[in-house]
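J.: Could you have a look at this structure, given as structure tokens, before my questions?
Computed from the coordinates by the stated procedures, all read-outs in this text should not be read as laboratory data. Everything numeric here is computed off the predicted structure, so don't read it as measured data. Please note: Cβ atoms are built from the backbone with ideal geometry, for glycine as well, and neighbour counts cover all protein chains shown.
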Amino acid sequence: MGKLWEKNYSQKKEAEAYCFGDTVVLDNKLVVQDALGSIAHAKMLVSIGILSNVEFTKLRQCLLKIIKLNNKGQFKVELGDEDVHTKVENYLIDKLGNLGKKIHTGRSRNDQVQVDLRLFTKDNLLDIAGICHQLIDSFINFALRYEFVPMPGYTHMQKAMPSSVGMWAGSFAESLIDDSELLKSAYIHNDQSPLGSGAAYGVSLPIDRDLSSKLLGFAKVQNNSLYAQVSRGKSHLSVMQALTQIMLTLSRFAQDLLLFTTTEFNFFTVDQELYTGSSIMPQKKNLDVMEILRARTQIVISQEQVIASLIAGLPSGYNADFGETKYSLMKTIEITKDSLEICVLVVKPIKLNIEILKKACTPDIFATHAAYQLVKEGISFRDAYKQVGLSLEKLPQFDPIDILKVSSHIGGPGNLQLKKILVKANQANKWWEKKHQYYLQSLKALEEL
């Protein structure tokens with residue numbers, strides 16, 4: 001069948017391939033969202049007298065059939081279809097005739113794709129938040145298990161002061177908790193319905209945007225129709241910036257693990273089933289998953305810059321440039337989700353080489369503690385610093401566990417407050433669980449209308 005916009009001419013195949021070649025691949029990930037958006041839109045058309053209840057029932061059944069076909073891999077958007085919206089509508093026309101032609105009343109492909117992407121993003125952010133909290137739990141439990149196992153703390157890539165495995169693992173948990181808060185803000189930003197904004201200037205029908213928004217489980221309507229359209233890239237960026245923060249946390253973990261599992265350090269041992277081998281060196285075991293994670297963090301950062309560059313300086317109104325942002329958003333979501341899942345697999349089976357960790361706590365890392373002991377005797381810190389610095393070869397061998405416990409201030413290795421952090425993480429996760437439940441209930445109700 002033809003394109004939705006075709007009248008007395010068709011687009012050349014070369015131009016179609018240039019404009020939509022990548023889009024059709026990505027749009028196969030939006031079939032379910034497009035069908036759900038169409039059900040909500042059709043129900044709204046019933047409320048304003050454009051469709052009858054009987055017509056809505058037929059459309060809903062047909063749209064649910066599309067979802068079933070998609071889940072079986074039997075509904076594919078191809079180049080000749082142009083995009084998912086055309087594919088879905090042509091299917092409805094093929095099955096329902098003139099009734100299928102009514103579905104587009106009061107909307108544009110511009111607000112359709114916005115709805116699809118908002119729902120796709122919401123689905124994935126809920127999944128990402130869930131995996132993120134699994135990883136937070138893993139890091140906290142790991143930290144609790146090894147809270148007072150000593151390890152050197154580093155600054156400038158050199159041994160600096162006593163640290164602990166608990167402090168190291170706990171730092172990733174708290175980083176991800178903060179990242180989850182940023183993700184929450186991005187979720188709220190994304191959780192607005194653009195449906196009914198049309199091509200950016202609304203429609204001259206008494207549509208009920210609030211109804212369609214509630215049917216789709218959105219928190220609210222995105223009010224200004226023009227802003228709803230031009231916010232497309234900015235909405236993506238808010239999500240991608242939050243995901244970038246998660247990837248930066250994971251990248252630090254990856255780099256640390258790559259360093260601490262080398263034969264030179266040998267602090268940790270990772271499940272050998274996570275390693276790859278060398279094609280030439282029989283002895284090699286390579287932790288490629290962490291190297292690839294490190295590299296993909298750079299890809300995520302670059303995709304964020306791609307979208308910012310694409311939307312900078314665009315005039316008000318819809319511009320086809322927006323279509324080029326879809327790949328970057330989807331790729332960033334995919335990478336972040338996959339990276340979190342890999343880290344969950346990596347963290348749980350990590351084993352400690354405790355004796356090596358203890359031996360690595362050489363006398364030099366207690367220099368600052370030695371200075372503080374002099375301070376307790378009444379010597380100024382600057383004099384104590386100089387005195388210790390001029391006699392480093394005479395530093396005693398302190399018990400690293402005793403030193404860790406002396407640092408008992410909030411957040412020090414002797415007072416990591418890990419159980420409190422775990423409670424905080426669980427409370428934060430309840431917000432996500434509540435949002436997830438509301439969204440699932442909304443979609444279930446929509447399918448059962």
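J.: How far, in nm, would the chain grow between L205 and T105 when pulled straight, counting 0.36 nm per residue and subtracting the alpha carbon separation?
T.: 35.1 nm
J.: Additional query: Show me the GluC sites (Glu not before Pro) within region 351-449 that DSSP assigns to loop and that have at most 16 other Cβ atoms within 10 Å of their Cβ. All intermediate terms of the calculation are to be shown ahead of the outcome.
T.: Values: sites: E355, E377, E393, E433, E447, E448; in loops: E377, E448.
Qualifying residues, ordered by number: E377, E448.
J.: For the ranges 187-193, 164-170, 422-428, what's the packing order if you count other beta-carbon atoms within 10 Å of each residue, average per peptide, and put the highest first?
T.: 164-170, 187-193, 422-428
J.: Report the paramagnetic label zone for S185: residues of region 218-243 whose backbone N is under 13 Å from a point 7 Å from Cα along the Cα-to-Cβ axis.
T.: 238-243
J.: Here's something else I'd like to know. Any chance you could tell me what percent of the C-alpha pair distances in region 122-278 go past 18 Å?
T.: Summing the P(r) of region 122-278 above 18 Å gives 69 percent of all pairs.
J.: What does the charge count around T336 come to, taking other residues whose C-beta lies under 12 Å from its C-beta (Lys +1, Arg +1, Asp -1, Glu -1)?
T.: Residues close to T336 contribute a combined charge of -3.
J.: Related question: Net charge within 11 Å of T244 by Cβ-Cβ distance, Lys/Arg positive one each and Asp/Glu negative one each, not counting T244 itself?
T.: Net charge around T244: -2.
J.: On the first, second and third principal axes, largest extent first, how far apart are the outermost C-alpha atoms of region 363-406 in Å?
T.: Sorted largest first, the three principal extents are 27, 21, 11 Å.
J.: Once the dipole of region 138-195 is set up with Lys and Arg at +1 and Asp and Glu at -1 on Cβ about the Cα centre, which of S180, Q192, Y146 lies farthest towards its positive end?
T.: Of the listed residues, the answer is Y146.
J.: A further question on this structure: Which of the GluC sites (Glu not before Pro) found in region 235-330 are loop residues per DSSP with 14 or fewer other Cβ atoms within 10 Å of their Cβ?
T.: E264
J.: List the pair-distance distribution P(r) of the chain, using every Cα-Cα distance, as the percent of pairs falling in each 10 Å bin from 0 up to the bin containing the longest distance, rounded to whole percents.
T.: 4, 17, 23, 19, 14, 10, 7, 3, 1, 0
J.: Another question, if that's okay. From Cα pairs below 8 angstrom and at least 6 apart in sequence, can you work out the relative contact order of the chain, rounded to a whole percent?
T.: For the chain, the relative contact order is 19 percent.
J.: Can you work out the base-10 log of I(q)/I(0) for region 13-105 at q = 0.18, 0.25 1/Å, using the Debye formula on its C-alpha atoms alone?
T.: Debye intensities relative to I(0), on a log10 scale: -0.77, -1.22.
J.: Students often forget the sequence filter, so: which aspartates and glutamates lie under 19 Å Cα-Cα from K359 once same-chain residues fewer than 8 apart are removed?
T.: Within reach: E147, D256, E264, E393, D399, D402.
J.: Around S47, under 15 Å between beta carbons, what's the net of Lys plus Arg minus Asp minus Glu among the other residues?
T.: Within the 15 Å Cβ shell, the charges total +3.
J.: Of K184/K435; K68/K434; K122/K214, which pairs sit farther than 20 Å apart, going by alpha carbon to alpha carbon? Let's see the in-between values first.
T.: Values: K184/K435 10 Å; K68/K434 27 Å; K122/K214 15 Å.
Pairs exceeding 20 Å: K68/K434.
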